[in-house]
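Written below as structure tokens is the structure these notes are about.
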């Protein structure tokens, strides 16, 4: 069930590509800071190991109504052409992936959250806006295999995309509190 983290990275890549307009020049990604300060308005970028700290396995367990969820760091992906640096966290139950959280930071970019959400909607037919996120969010089902809720924001001057991908049976109502929690800490 490694499809969820891969789907997250593919979704992030779609946004990375779509957010690359002619007037926004790509910059080489900056290395993540060594600090593990708690997330706040002045906190440094989230590192791969910290992605799991944005959303507890207990929160995922409650959302999908399955006890015993654990989390582990998932794959990371850097895209030097547009500054996208994606990190992820996998949520596992009985050895199977129950979902994944991905955080993509666009170092050196000036993309607006609304543009990032519009790019996802353009790339994902059937994507719908999700109310309640100040900078925008969208929910979509990808190839009838996975469901994703993605939200965008600017954190410390850096555009950030946070998305949770789970099985197709997950609804936007189930995912909304998960993404709200992660966005608040990203």
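Any read-out appearing in this document is the output of simple, stated calculations on the displayed coordinates, not a laboratory observation. This one's a predicted model, so the numbers in the text were calculated from it and none came from an experiment. Cβ: placed from backbone, ideal geometry, glycine included. Neighbour counts: every protein chain shown.
Scoring 55-65, 151-161 by mean Cβ neighbours within 10 Å over their residues and listing the highest first yields 151-161, 55-65.
Let me test this: with uniform point scatterers at the alpha carbons of segment 69-186, what is the Debye-based log₁₀ I(q)/I(0) at q = 0.12, 0.22 1/Å? Per q value, in the given order, log10 I(q)/I(0) is -0.40, -1.36. For the peptides 66-76, 170-180, the ranking by mean Cβ contacts within 10 Å, running from highest to lowest, is 170-180, 66-76.
Its Cα gyration tensor gives segment 109-165 an equivalent ellipsoid. The semi-axes, each the square root of 5 times an eigenvalue, are 20, 11, 10 Å from largest down. Multiplying the residue separation of residue 169 and residue 128 by 0.36 nm and subtracting their alpha-carbon distance yields 13.1 nm.
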